[in-house]
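Peer 1: To start, I am sharing the structure in question, which I have written as structure tokens.
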Amino acid sequence: MTAASRTSLWRELIHKPFFWGIVAILALLALNVVKDPAYLAMSVNPNNGNLVGNLIDILRQAAPIMMIAIGMSLVIATGGIDLSVGSLMAVAGAVSMEFLNAAGDSGSVGVAFAAAGLALLITAILGAVNGVLVAYVGLQPFIATLVLMLAGRGIAKVITGGQNTAASSDPFRWISNGYLIGIPVVFILAVLIVILVGWVVRRSALGLMIEAIGINPKASRMAGIKPKGLLLTTYILSGILAGIAGIMSVGSVMTVDISRTGYQLELDAILAVVIGGASLAGGKFSLSGAFVGALLIATLDKTVLFLGVSSSATPAFKAIVIVVLCLLQSERVRSWFRTRRREKPAASELKTMKEEVQA
């Protein structure tokens, strides 16, 4: 490979939306290694043969964020936003825990599948409510999903009677705590879902039509695209993915805490999408970027705990990291630095010429 081609490849790489997210993940991991050189060490549990370590914890923690970030990417690409995903996670957790608690059979795979299916059906219906309000009633996405964001936790409280609900189901717990070939099942499941969604939207016209709606709704209608059905589908898919995230979250502890499950995770999902390089104005989106963004959010959360940052300072710490990353991603900021580098040699040459003239 020639020097010119290497330079071209490097320039192409730094313009990828996920590049700076990966750099930030590596920087955070390096920061943790400075504090504890054994931070990245992984070992095999002699009792079950599974991998254990901080990296495994990060992968497990990132899985629910990946789910809502992928749904949020599609919604934002249409020019909308879905603030209800955190509350839908609580609803999915409430439905599944109540169902398992009522069924009482802790070892039945069928009961576990039924609980998960019922939870996804309910969140799909709630996602459809968002879609109808946005596409057919004409409400602003922010307002429509804000309503369900507030009402969702109320629905979950009604389902559980206002109490935290616990249940016992080994197959259901396996989704969040199980391992496959030494890797957490929840992460493998998240990766497969991301690949499936990416394959569907990129191997069909669906992704282009979603981007067309976000870039110019009027032009997309004139091109024959019917935005209402697409918007409805997008919000339903976002609801289903939020339901999967809710199942992943409550499955790890087999308890739903209405006030904590999915709390403020809609903000993490939006951050993951922005870190992935998507524009909040709609249009082009990057599922791979959202995937990396979710990993970064999980790494950041793990780092905050590992460094012992106080809970009161945690939002500020996360905000600083996100702002620095967004500045690094900004083409305008990078152009400013390039201009400064070019100006310095020019100023140096001018100074030399003046000294020669004076001599």
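The values are calculated or read from the model by the stated rules, or taken from the named source; none is laboratory data. Everything quoted here is computed from the prediction, not taken from an experiment. Positions of Cβ are backbone-derived with ideal geometry, glycine not excepted, and every protein chain shown enters the neighbour counts. Quick note on the areas: whole protein, heavy atoms, side chains included, nothing else; ligands and nucleic acids left out. Shrake-Rupley method; radii C 1.70, N 1.55, O 1.52, S 1.80 Å.
Peer 1: Hey, rough spin-label estimate for L150 and T255, points 7 angstrom out along Cα→Cβ, what's it come to in nanometres?
Peer 2: 3.0
Peer 1: Taking just the alpha-carbon atoms of the range 159-242, what radius of gyration and Dmax come out, in angstrom?
Peer 2: My reading of the Cα-based Rg and Dmax gives 18.8, 54 Å.
Peer 1: Let me ask something additional. When the chain is modelled as a GNM with alpha-carbon springs shorter than 10 Å, which of G161, G224, G207 fluctuates the most?
Peer 2: Fluctuation is largest for G224.
Peer 1: Further, regarding this structure: Taking Rh as the Kirkwood radius computed over C-alpha pairs, what is the Stokes-Einstein D of the range 1-129 at 25 °C in a medium of viscosity 0.890 mPa s, expressed in µm² per second?
Peer 2: Working: Rh = 19.1 Å.
So the translational diffusion coefficient is about 128 µm²/s.
Peer 1: Nearest 10 degrees, 0 to 90: what angle lies between the long axis of helix 287-307 and the longest principal axis of the chain (Cα atoms)?
Peer 2: On a 0 to 90 degree scale, this one is about 90.
Peer 1: Wrap a convex hull around the Cα atoms of the range 187-314, take a quarter of its surface area, and give that in square nanometres.
Peer 2: On the way: hull surface 37.7 nm².
The number I arrive at for the range 187-314 is 9.4 nm².
Peer 1: Taking the Cα centre as origin and putting +1 on Lys and Arg beta-carbons and -1 on Asp and Glu beta-carbons, what dipole magnitude results for the range 113-252, to the nearest 20 debye?
Peer 2: So the dipole magnitude of the range 113-252 works out to roughly 380 debye.
Peer 1: Where the accessible area of the range 50-190 is counted over protein heavy atoms with a 1.4 Å probe, how much of it, in %, is carbon and sulfur?
Peer 2: On the range 50-190, the fraction of accessible area on carbon and sulfur atoms equals 69 percent.
Peer 1: Given springs between every Cα pair under 10 Å in a Gaussian network model of the chain, which of T78, T339, T255 has the largest fluctuation?
Peer 2: Comparing T78, T339, T255 in the GNM, the peak value goes to T339.
Peer 1: For R11 and S204 in one chain, what is 0.36 nm times their gap in residues minus the Cα-Cα distance, to one decimal in nm?
Peer 2: Difference between extended and current length: 66.6 nm.
Peer 1: If you average 1/r over every pair of different alpha-carbon atoms in the range 104-240 and take one over that average, what Kirkwood value in Å do you get?
Peer 2: With all distinct Cα pairs of the range 104-240 included, I get 17.6 Å.
Peer 1: On C-alpha positions alone, give me the angle between the axis of helix 265-275 and the longest principal axis of the chain, in degrees, nearest 10.
Peer 2: So the helix axis and the longest Cα principal axis differ by about 30 degrees.
Peer 1: Now for a different question. Counting only residues 5 or more places away or on other chains, whose amide H sits under 5 Å from the amide H of G178 once H atoms are built in the peptide plane?
Peer 2: Result for G178 returns V185, V186.
Peer 1: I'd like the FRET efficiency for I188 and A281, computed as 1/(1 + (r/R0)^6) with the beta carbon distance as r and R0 of 41 Å, rounded to 0.05.
Peer 2: Approximately 0.75, to the nearest 0.05.
Peer 1: Between M97, M72, M209, find the one with the highest GNM mean-square fluctuation for the chain; connect C-alpha pairs within less than 10 Å.
Peer 2: The residue that fluctuates most here is M209.
Peer 1: Let me ask something else about it. In whole Hz, with x marking every Gly and Pro, tabulate ³J(HN,Hα) for the range 216-232 from phi via Karplus 6.51 cos²θ - 1.76 cosθ + 1.60, θ = phi - 60°.
Peer 2: So the Karplus estimates, Gly and Pro as x, are 8, x, 5, 5, 5, 5, 5, 7, x, 7, 9, x, 4, x, 5, 4, 4 Hz.
Peer 1: Summarise the long-distance tail of P(r) for the chain by giving the % of C-alpha pairs beyond 38 Å.
Peer 2: Values: 15655 of 64261 pairs.
Taking all Cα-Cα pairs of the chain, the fraction more than 38 Å apart is 24 percent.
Peer 1: Using Cα atoms only, what is the angle between the long axis of helix 331-358 and the major principal axis of the chain, expressed in degrees (0 to 90) to the nearest 10?
Peer 2: Taking the Cα atoms of the chain, the angle to 331-358 is about 10 degrees.
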